[in-house]
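*Asks:* Below you will find the structure I want to go over with you.
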Amino acid sequence: LVSRKRKVEDTVIDINGEKIGDGNPHFVCGPCAVESYEQVAKVAEQIKKHGLNIIRGGAFKPRTSPYDFQGLGFEGLEILKRVGDEYGLAVVSEIVRPQDMEQAAEYLDMIQIGARNMQNFELLKAAGEIDKPIILKRGMSATVSDFINAAEYINSKGNGNIILCERGIRTYETSTRNTLDITAVPILKQETHLPVMVDVTHSTGRRDLLIPAAKAAIAIGADAIMAEVHPDPAVALSDQQQQMDFDQFDTFMKTLK
Ligand code: PEP
Ligand code: MN
């Protein structure tokens, strides 16, 4: 169902006026994790300032260590929704359990499936049964073919509004957190009709590489860029190394525009 052979025209996902897949680059930015109302509201103000219409923020955080901040759960989704309503922004967050999908859809405009859950088939099927666009992130050890099959799971249950997000894969290279597989973008666009996003934050894990990685993504045909922004990354409860502060976010947006 997601194959280009099946449908030649690009799928365009309209979310709060942003038509992802229309040939122009779109941005999904926001903090790694929802930490408080004040924190998310500050980021929302910056996002509005740059003329963007979508904010992200994790409430269910799939952390590598069980002792790291796990997210605020539904309380986090409530904060995100409140900020979204107040600032006129569409909101995106990751959901990790199939049984939360329906309830989460009441708070969110778009639902993210994280890299660690790309082959959680019950979660994919649950995402296929809701009426919200899905950002599906590539598993860190998933081939392009595995990735496309994961999207197929969602589509097979009736939801074809899927954005494929390249977020870096595991290789022997240690200079970046993951290796950004930049050519996955045109391959995914050739093989499927779905919009393709590049997450420059989790792929590089390095603030100094966000701008060059985003430039490369846009040049190679990405439909959207994901990047993390925090009012004070040094005290962030997750991903301190790679979230941008507001000055860096200004430079990021101005450079890419
Ligand atoms: C995220 O986007 O918040 C995230 C955890 O990313 P990934 O699933 O790609 O690691
Ligand atoms: Mn993060």
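What follows is calculated from the coordinates using simple rules that are stated; it is not laboratory data. Keep in mind the model is a prediction, meaning the values are calculated, not measured. Backbone-built Cβ (ideal geometry, glycine too); neighbour counts: all protein chains shown.
*Asks:* Within the set of other residues whose C-beta is less than 11 Å from the C-beta of Thr192, count the net charge using Lys and Arg as +1 and Asp and Glu as -1. Each step should come with its number before you reach the end.
*Replies:* Working: positive: Arg4, Lys5, Arg6, Lys7, Lys189; negative: Asp10, Glu152, Glu191.
Once positives and negatives cancel, what remains is +2.
*Asks:* Over 5 Å intervals from 0, what percent of Cα-Cα pairs in the stretch 116-221 sits in each interval?
*Replies:* Distribution as computed: 2, 13, 24, 23, 18, 12, 6, 2, 0 percent.
*Asks:* Between Phe27 and residues 5 or more places away or on another chain, which pairs have amide H atoms under 5 Å apart, with H built 1.01 Å from N, and which residues are they?
*Replies:* Long-range HN contacts for Phe27: Ile225.
*Asks:* Gain in length, Ser145 to Phe69, computed as 0.36 nm per residue apart minus the alpha-carbon separation, to one decimal in nm? Each step should come with its number before you reach the end.
*Replies:* Numbers: separation 76, 0.36 × 76 = 27.36 nm, distance 3.25 nm.
Length gained between Ser145 and Phe69: 24.1 nm.
*Asks:* Cα extents of the stretch 58-148 along the three principal axes, largest first, in whole Å?
*Replies:* Result for the stretch 58-148: principal-axis Cα extents of 40, 34, 22 Å.
*Asks:* Ok, one more. Tell me which residues come under 5 Å, amide H to amide H, from Ala90 once H is placed; ignore anything under 5 positions away on its chain.
*Replies:* Ile54, Ile55
*Asks:* When the Kirkwood hydrodynamic radius is evaluated over all pairs of different C-alpha atoms of the chain, what value in angstrom, to one decimal, is obtained? Intermediate results must be reported in sequence, preceding the final value.
*Replies:* Details: mean 1/r = 0.0560 Å⁻¹.
Roughly 17.8 Å, rounded to one decimal.
*Asks:* ³J(HN,Hα) across the stretch 10-17 via Karplus (A = 6.51, B = -1.76, C = 1.60, θ = phi - 60°), whole Hz, x for Gly/Pro?
*Replies:* My calculation for the stretch 10-17 gives 5, 7, 10, 9, 8, 9, 6, x Hz in order.
*Asks:* What whole number of Å gives the distance from the Cα centroid of the stretch 30-44 to the Cα centroid of the stretch 89-165?
*Replies:* 23
*Asks:* Determine, for Tyr87, Tyr107, Tyr172, the number of other Cβ atoms within 10 Å of each Cβ, and report the residues in order from fewest to most.
*Replies:* Working: Tyr87 17, Tyr107 20, Tyr172 5.
Going from sparsest to densest Cβ surroundings: Tyr172, Tyr87, Tyr107.
*Asks:* Quick one: which residues, 5+ away or cross-chain, put their amide H under 5 Å from the amide H of Gly58? H built at 1.01 Å from N.
*Replies:* Those qualifying (amide H under 5 Å, at least 5 residues apart or on another chain) are Ala33, Val34.
*Asks:* Over all pairs of distinct alpha carbons, what does the Kirkwood formula give as the hydrodynamic radius of the stretch 1-90, in Å? Numbers along the way, then the final one.
*Replies:* On the way: mean 1/r = 0.0679 Å⁻¹.
Result for the stretch 1-90 stands at 14.7 Å.
*Asks:* Let me know the Kirkwood hydrodynamic radius for the stretch 57-99, please, with Cα pairs as the basis and the value in Å to one decimal. Intermediate values should be presented prior to the final figure.
*Replies:* Working: mean 1/r = 0.0897 Å⁻¹.
Kirkwood radius, the stretch 57-99: 11.2 Å.
*Asks:* To continue, here is another question. Which Cα, out of His50, Thr251, Val34, lies furthest along the positive dipole direction of the chain (beta carbon charges, K/R +1, D/E -1)?
*Replies:* Thr251
*Asks:* Name the aspartates and glutamates eligible as straight-distance cross-link partners of Lys61: C-alpha to C-alpha under 12 Å, and not fewer than 8 places from it in the same chain.
*Replies:* Reachable aspartates and glutamates: Glu35, Glu94, Asp239.
*Asks:* Short version: ³J(HN,Hα) in whole Hz for each residue of the stretch 167-182, in order, from phi by Karplus 6.51 cos²θ - 1.76 cosθ + 1.60 (θ = phi - 60°), x for Gly and Pro, what are they?
*Replies:* Using θ = phi - 60°, the values come out as 10, x, 10, 6, 9, 6, 6, 10, 6, 10, 4, 9, 9, 5, 8, 5 Hz.
*Asks:* Please report the antiparallel percentage of DSSP beta bridges with both residues in the stretch 13-256, rounded to the nearest 5.
*Replies:* 15
*Asks:* Using DSSP, restrict attention to beta bridges with both residues in the stretch 11-123 and report what percent are antiparallel, rounded to the nearest 5. Let's see the in-between values first.
*Replies:* On the way: 3 of 11 bridges.
About 25 percent, rounded to the nearest 5.
*Asks:* Sorted by mean Cβ packing within 10 Å, highest first, what order do the peptides 52-58, 10-16 take? Display every interim value, and only then the final one.
*Replies:* Values: 52-58: 25.3, 10-16: 16.9.
Result, highest mean first: 52-58, 10-16.
*Asks:* Suppose R0 equals 22 Å; then what is the FRET efficiency for Glu38 and Asp250 from their Cβ-Cβ distance, rounded to the nearest 0.05? The partial results should precede the final answer.
*Replies:* On the way: r = 20 Å, r/R0 = 0.92.
Plugging the Cβ-Cβ distance into 1/(1 + (r/R0)^6) gives 0.60.
*Asks:* For Leu194, Leu89, Leu1, Leu256, what ranking results if the residue with the fewest other Cβ atoms within 10 Å of its Cβ goes first?
*Replies:* Working: Leu194 27, Leu89 23, Leu1 14, Leu256 17.
Lowest to highest Cβ neighbour count: Leu1, Leu256, Leu89, Leu194.
*Asks:* How much FRET efficiency would the formula 1/(1 + (r/R0)^6) give for Thr183 and Glu45, where r is the Cβ-Cβ distance and R0 is 30 Å, rounded to 0.05? Working shown, then result.
*Replies:* Values: r = 36 Å, r/R0 = 1.21.
Taking R0 as 30 Å, the efficiency between Thr183 and Glu45 is 0.25.
*Asks:* Which order do His202, His230, His193, His50 fall in if you start with the one that has the fewest other Cβ atoms within 10 Å?
*Replies:* Details: His202 22, His230 27, His193 19, His50 16.
So the ranking, lowest neighbour count to highest, is His50, His193, His202, His230.
*Asks:* Under unit Cβ charges (Lys, Arg +1; Asp, Glu -1), what dipole magnitude, rounded to 20 debye, does the chain have relative to its Cα centre? Please report the intermediate quantities before stating the final value.
*Replies:* Numbers: 29 positive and 36 negative charges, 144 e Å.
The dipole of the chain has a size of about 700 debye.
*Asks:* Strictly over 23 Å apart at the Cα level, which of Lys137/Lys189; Lys19/Lys257; Lys19/Lys48; Lys7/Lys157; Lys132/Lys254; Lys137/Lys254 would you flag in this model?
*Replies:* Details: Lys137/Lys189 15 Å; Lys19/Lys257 17 Å; Lys19/Lys48 17 Å; Lys7/Lys157 17 Å; Lys132/Lys254 30 Å; Lys137/Lys254 26 Å.
Going by Cα-Cα distance, Lys132/Lys254; Lys137/Lys254 fall outside the 23 Å limit.
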